[in-house]
2 protein chains.
Amino acid sequence: MATAPSPLPPSAADADGAAPVASPAAAALRAIGARVTPARVRVLTLLREAPTPMSHHDVETALGPDAGDRVTLYRVLDWLAEAGLATRGVDATRVTRYAAARDGKHQNHLHFHCDDCGQVYCLDTPPPPPPELPAGFQLQRAELDLHGQCDRCNSGKA
Amino acid sequence: MATAPSPLPPSAADADGAAPVASPAAAALRAIGARVTPARVRVLTLLREAPTPMSHHDVETALGPDAGDRVTLYRVLDWLAEAGLATRGVDATRVTRYAAARDGKHQNHLHFHCDDCGQVYCLDTPPPPPPELPAGFQLQRAELDLHGQCDRCNSGKA
DNA sequence: ACCGCAAATGCAACAGAGTTGCACAAATGG
DNA sequence: CCATTTGTGCAACTCTGTTGCATTTGCGGT
């Protein structure tokens, strides 16, 4: 798998020494009383601009030299998820993907997994109401994953 | 995680030299014109008797000395999924789980993932109808995964 | 402006799940 | 019973994610 398309935005990670703090990511960090570190700001900014959930590898590639240590990246992603600023998800290839949890938007929509290229798409369609479950079971969240072929892979084949 | 409960049935894997072929698993294999090998019969039989999807590790543990080689087990599980005799799924801990695909039963029901113990439960509730998606996208299958705490983990805590 | 401490980072080594290549054994078909 | 095709076993490897520990750094207090 060749690291997916990843249409990363042009001006994702900047503001290191010149501009103090212009990024909304930094603001979000401050808002919850967390430390504002370059790594966190860079990663969160990237996730916020990304159109689809990103894997550790995606983030590392997208940030390039600014990605820093592999482990730090894992820890930052993990921390973001723990802090509620991002959501975690495991795709069909056993890879964990992260998405910015903006204003709760990512909590409540559908994901389409392309079984061909592995890309994950976010759909605007509202999810159906979850069914009720047996007593004793507490529902935390429901996730409807659609699997199939995306338009790109679909047109390329028969 | 201590390898899940795994209530493996008493008479799962037998019939090696004495009884010719009594297992329905073997019959299922023959039915699709595939080779009937001990490994396949043992694994498929186990999966068919299992109440929940099993991971590679679960199967290896359950079969004990009869499990054979790790790699063979991976290949058998993979083959079963490819052949349509089992279905694959990835749980919250990035572990692939397999379930026997009997008569199409496992195709169309819900899974509840316990975020505490990682156990996967099969619910009888019928899944909601999938929404329509953008043009160019071809839906292969929809999977509704419910996440939360199971009754066991739920009662143990506050 | 400076100091100190807790928290974050970097480095290195490790762990578990799954894969690949190749030689050998076994299941079918003739 | 033999030949061919397919599955199995072994060893080594890749990839994703973790853990421990020393060092640096954000940030609040002085």
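The values are calculated or read from the model by the stated rules, or taken from the named source; none is laboratory data. Fair warning: this is a prediction, and the values are worked out from it, not measured in the lab. Don't worry about glycine lacking a Cβ; one is built from the backbone with ideal geometry, like all the others, and counts go over all protein chains shown. In case anyone asks, the SASA skips ligands and DNA or RNA and just uses the protein heavy atoms, side chains included. Shrake-Rupley method; radii C 1.70, N 1.55, O 1.52, S 1.80 Å.
What is the calculated FRET efficiency for B:His147 to A:Ala34, with r their C-beta to C-beta distance and R₀ = 22 Å, to the nearest 0.05? My answer for the efficiency is 0.30.
Residues B:Ser23, A:Ser55 ordered from highest to lowest accessible area at a 1.4 Å probe: B:Ser23, A:Ser55.
Could I have the simple spin-label model distance between A:Ala92 and A:Gln138, label points 7 Å from Cα toward Cβ, reported in nm to one decimal? Result for the modelled spin labels: 3.4 nm.
Using the heavy atoms of the protein chains and a 1.4 angstrom probe, tell me the accessible area per residue for the range A:23-106 in square angstrom.
49
Each peptide in A:83-95, B:30-42 receives the mean, over its residues, of other Cβ atoms within 10 Å, and ordering these scores from highest gives A:83-95, B:30-42.
Rounded to the nearest 0.05, the FRET efficiency derived from the C-beta distance between A:Thr61 and B:Glu82 at R0 = 30 Å is 0.45. Pairwise Cα separations in the range A:23-106 fall into 5 Å bins from 0 onward with the following percentages, short to long: 3, 16, 30, 28, 17, 5, 1, 0.
Taking the Cβ of B:Thr96 as the center, what net charge do the other residues with Cβ under 10 Å away carry, scoring Lys and Arg +1 and Asp and Glu -1?
That works out to +2.
For A:His147, the residues whose modelled amide H falls within less than 5 Å of its own, excluding neighbours fewer than 5 places apart on the same chain, are A:His113, B:Gln140, B:Arg141, B:Ala142, B:Glu143. In the range A:82-97, the residues whose accessible area drops by at least 50 square angstrom when the other protein chains are added to the isolated chain are A:Val90, A:Arg94; the probe is 1.4 Å and only protein heavy atoms count.
Under 5 Å between amide hydrogens, built in the peptide plane, is the criterion, and for A:Tyr98 it picks out A:Met54, A:Ser55 among residues at least 5 positions away or on other chains. Summed over both chains, the accessible area lost when B and A associate is about 2800 Å², using a 1.4 Å probe.
In this simple spin-label model, placing a label point 7 Å from the Cα along the Cα-to-Cβ direction at both A:Ala27 and A:Val71 gives a separation of 3.5 nm.
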